[in-house]
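To keep things clear, I will list the structure first and then write my remarks on it.
The values are calculated or read from the model by the stated rules, or taken from the named source; none is laboratory data. Model, not experiment: these values are computed from the prediction. Glycine gets a Cβ as well: all are built from the backbone with ideal geometry, and neighbour counts include every protein chain shown. Side chains included, ligands, DNA and RNA excluded: accessible areas come from the protein's heavy atoms. Shrake-Rupley method; radii C 1.70, N 1.55, O 1.52, S 1.80 Å.
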Amino acid sequence: MRYLRSGPRRLQTQDTGAPRAKTVGLRSGEIADRNIRVILEAIRRHGPLTRMELGRHCGLTGPGITNILRRLAEEKLVTSNRRHGSGGGATASEFALRPEGAFSIGVKLRHRRGEIVLIDLSGQVHDRVYFGLDPADKVKLVHAAVRDMVDRHAILPIIGLGIAANDWTDEQSDQIAAMSTIAHPYVENECTASLLAERTIGSSAREGGLAMIIIDDDIQAGFLIRGIPYSGVHGRAGSIGEMLTGPDNVQLNTVVGFESLRSRIGDQDFTRLLKGEEISSPSLSQWIREAAGHLLDPIIAMAGFLAPSVVLIGSDLPQGVIEALIHQLSIERRDTSTRPLLTPWISPMKPASFSGGGVALGAALLPFLNTLLLPPASA
């Protein structure tokens, strides 16, 4: 696996056991690192840009911008062309992102299945593979999937590995790193990874907070507040699947989770759904109605306490199923027969921008956000 010469730049906080003073400044190397990220992020988000336009976006001096652009060109992360004026004559050089300058691998892990993607610096997916998982042999199976992906794309500059999982441990990361030349992976939980994908390359509004609900074997939620993922004490924020919901006061997982859907529509139709096929059946429609009736309770709670700009719903289910669920949620919120008051203040609901909620895509972005691009809180 090839790595950029700049290498990982994230600063690691060391626990010394003593209270730490508030950070009051950055060392010169840290300032240079941030300025490089600022320039690259501006080009990625707004490019192509001239030096003058970069100065307006970033507030950096001309010589500083020139030095950074030279370094980014050496790393083959940006490319330049002459911008033509309105009269047809060439004007200043403009700089654009070179997506093929860096690639990253992301892995999404569930209980019995996994997904691995390869993306370029723009977030475009170049390869995607689904694979089975055995909890007793998880590390070896993940390593094999990553190794196969790297081998298939051996000529590409792959800079790192990200993993999105709710039960992945530091020990397992150490095992992955020790088994080959694959870098020590960056790890986030599934909802945080999906939110990072939405915030970095998705279509959701950048203003305000974002809430993401992932429907899978269990139901989870994630929150991005002022660009920062919020996990709560012991990472327990978003464990909405354990809530007692609906007029019958039952656990959300037992009504909305995949096991409930599978038992209602049967194994064959459930497998077709996970393959992306749109199906129509009375059993599926009934599941959508019951799921919406129970899912609305945590959505009302999130809207009331956090007031996110949007509540996104992602899943491996087809887009049509998610849209039907959101439509049913809009019906449920106006029904006062089960809830005593209307909720006009509830946050807008929409499907996640990417298949599977963008979990694997967000995992693949982790190496970029830790080495090249600005983290969402800084963007």
Cβ-placed point charges (K, R +1; D, E -1), dipole of the range 106-151 about Cα centre in debye, nearest 20: 280
Per residue value of the accessible surface for the range 36-125 (all protein chains in place, 1.4 Å probe), Å²: 45
Whether the range 270-339 is rounded, prolate or oblate, judged on the alpha carbon gyration tensor where a/c under 1.5 counts as rounded: oblate
Whole-Hz ³J(HN,Hα) from phi, Karplus 6.51 cos²θ - 1.76 cosθ + 1.60, for the range 93-109, glycine and proline x: 6, 10, 10, 10, 5, 9, x, 7, x, 7, 10, 8, 10, x, 10, 10, 10
Test item: Cα-centred dipole of the range 100-219, Lys/Arg +1 and Asp/Glu -1 on Cβ, debye: 220
Difference of contour (0.36 nm per residue) and Cα-Cα distance, D127 to S239: 37.2 nm
Nitroxide proxy distance, nm - points 7 Å out along Cα→Cβ at T254 and T169: 3.0
Prolate/oblate/rounded label for the range 46-157 (Cα gyration tensor, a/c 1.5): prolate
Apportionment of accessible area to carbon and sulfur, the range 208-295, percent (1.4 Å): 48
Hits among lysines - C-alpha to C-alpha of K108 under 25 Å, sequence gap 8 or more where chains match: K138, K140, K275, K350
Leading residue at positive end of dipole, the range 121-179 (Cβ point charges), from G132, A178, I159: I159
Simple Cβ-charge dipole of the range 30-136, Lys/Arg +1 and Asp/Glu -1, about Cα centre, in debye nearest 20: 200
Dipole of the range 142-236, positive direction: furthest Cα of A193, S203, V142, with charges on the beta-carbon: S203
Average Cα contact separation per residue, the range 142-189, under 8 Å, 6 or more apart, as relative contact order %: 42
Accessible area in square angstrom per residue, the range 126-268, 1.4 angstrom probe: 47
Label point distance in nm, F305-A136, each placed 7 Å from Cα along Cα→Cβ: 4.0
Cα-based shape type of the range 148-192, given that a ≥ b ≥ c are square roots of the gyration tensor eigenvalues and the cut on a/c is 1.5: oblate
